[in-house]
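Working notes, beginning with the structure itself.
Just so it is clear, none of the values below were taken in a lab; they were calculated from the coordinates. Source: prediction; values computed, not measured. Glycine gets a Cβ as well: all are built from the backbone with ideal geometry, and neighbour counts include every protein chain shown.
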Amino acid sequence: MANRARVIYQSEALYAGTVDATGHHYTVNGTGYATQSAAAAAGDVKTGIMQLRRVQSANYSFSVNRQDVNQFGQLARIDSVSIEPPTVTLDMSYYLTNGVNERLLGFNVDGDSSALSDELLLGKTDAADSPGGKNFFILTTPESSDAVGNTDAESEKSVIALGNGFVSNYSIEAAVGGMPSASVTIDGLNLRSYTGTANLSIPAIDTKYGTPIEGVEFSLPPAISGKGEATVGADNIWGSSDDGWQGNDEGFGVEGVSCLRPGDISMSLGTQGRAGLFENLPHSDPHQDYDAGSAHIQSFSIDVPVSRSTIQRLGNPYGYARVTDFPVNISVSVSAILSDLKEGNVTDLLFNQEAHDLVFTMRESTQSGNGNIAMQYTIKGARLEGESFSSSIGDNKSVDLTFTAQVGGPQDTQNGIFISGSRNALTIDNLFA
């Protein structure tokens, strides 16, 4: 590999792996294979490793927790041993598009089921029952070359991979003057680097003993821009009769959304906009979402922490299970320029607090402002926690509203967060383990 002066965003691409981090990363007609060579003999090979779109940042780190061993008669420690597994973290941010990244991370994006699927909470589905999480991969190509469409030699490329990753926090933010974005934190068990991108051992480890998974490989498909073009590698299929990845119009590249804009966001905050105590809020589709006297929304954010605990037992250095800490509490913050006030009484909230559905709709950009829905977030069963007003010389009077909700069970359609995607986010099948 040639010496480089630096690495910048131009040369990197971020990928998410299959559901089961310890399982097969290749499939032919639904049958899993541990290596690409074995799969290629059976037909067209498909990999569950897919590229995340519109990534703006990717930061990863690890720390080893050690405990000193001291004894009487000696001032300095005689050893420093690890009695807990290392802490590995990946933080990423990206612009929202049509829900494709959310689907690849394991969220439900059909709008009918809770967004926090078994795939996300437990790391398993009907197709992959081993709760090993996901693997994540960062491709780096040679200096001064784009990762998209790169044709450099394998020896000039490298990969850093996080094994056994689980989503531990997901948040989105939208504000006037900026593109809506999401931030995600992944907690994993291993971090590993490679030279090349093909036929590499997976980074996942045996979650009970911390040993490598032997004989299971992965290959990264080429990076693409994901703006609707039919490009090489767009469908993540390796043709057995070809020398490389092939793409087509029906593949992963058909998205049609480069980004979402703040001017194409509409909100419905409670029935008739009454989620606020002292102010009227938007409550309909454009262009009827703002009534006369409604507060003017400047920004909103949704935060979904999915913390986990490792259940340990004697004889297993890595713990035998990583379980979600329930209940999962969702926080929603809305900031607005205040307009007309309505009648309200704080003491009423002590005895009769109404639950609200908060709907945030992001549309594909059109001149009319009423384009097709690209993404929609619905927070069901939200309750108002408080309002904070601010007024000073030179500024518009503003109000910040805070809501909370809790995630319900799989059959509960009245509580939690629901995400609706569009286009290829509804058709992607990445359950290949």
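Modelled spin labels at residue 118 and residue 338, positioned 7 Å past Cα toward Cβ, are 4.9 nm from each other. Take the Cα of residue 6, step 7 Å along the line toward its Cβ, and report every residue of region 145-177 whose backbone nitrogen sits under 20 Å from that point. Within reach of a label on residue 6, which here means backbone N under 20 Å from a point 7 Å along Cα→Cβ, region 145-177 contributes 145-148, 158. For the pair residue 400 and residue 78 in one chain, pulling the backbone fully straight at 0.36 nm per residue adds 110.4 nm over the alpha carbon distance. The gain in end-to-end length when the residue 301 to residue 199 segment is fully stretched comes to 32.6 nm, 0.36 nm per residue minus the alpha carbon separation.
About its Cα centre, the dipole of region 262-424 is roughly 780 debye, where the only charges are +1 on Lys and Arg Cβ and -1 on Asp and Glu Cβ. The relative contact order of region 262-424 comes to 23 percent, based on Cα pairs under 8 Å that sit 6 or more residues apart.
Can you show me the helix-derived [θ] at 222 nm for the chain, built from DSSP H runs with n ≥ 4 at -39,500 (n - 2.57) apiece and divided by the number of residues, rounded to the nearest 500.
On the way: 3 runs with 15 residues, N = 433.
One gets -500 deg cm²/dmol as the mean residue ellipticity at 222 nm.
In terms of its Cα atoms, the chain spans 69, 68, 47 Å along the principal axes, sorted from long to short. Label 7 Å along Cα→Cβ of residue 227; region 86-118 residues with amide nitrogen under 16 Å? Answer for region 86-118: 95-98. Pairs of Cα atoms nearer than 8 Å and 6+ residues apart set the relative contact order; for the chain it is 18 percent. When DSSP beta bridges are restricted to pairs lying wholly in region 94-225, around 95% turn out antiparallel. Farthest toward the positive end of the dipole of the chain, out of 306, 396, 290, is the Cα of 306, where the dipole comes from beta carbon charges about the Cα centre. Kindly identify region 262-424 as rounded, prolate or oblate by the Cα gyration tensor criterion: order the square roots of the eigenvalues as a ≥ b ≥ c, call it rounded if a/c is under 1.5, otherwise compare a/b with b/c, prolate if a/b is larger, else oblate. Prolate shape, in that a/c is at least 1.5 and a/b is the bigger ratio.
Per the Kirkwood definition applied to all pairs of different Cα atoms, how many angstroms is the hydrodynamic radius of region 10-60?
Values: mean 1/r = 0.0803 Å⁻¹.
That comes to 12.5 Å for region 10-60.
Rounded to the nearest 20, the size of the Cβ-charge dipole of the chain about its Cα centre is 860 debye, with Lys and Arg at +1 and Asp and Glu at -1.
Ordering 17, 349, 107 by Cα displacement along the dipole of the chain toward the positive end leaves 17 in first place; charges were set at the Cβ atoms of Lys, Arg (+1) and Asp, Glu (-1). Modelled label positions at residue 368 and residue 314, each set 7 Å beyond Cα in the direction of Cβ, lie 7.1 nm from each other.
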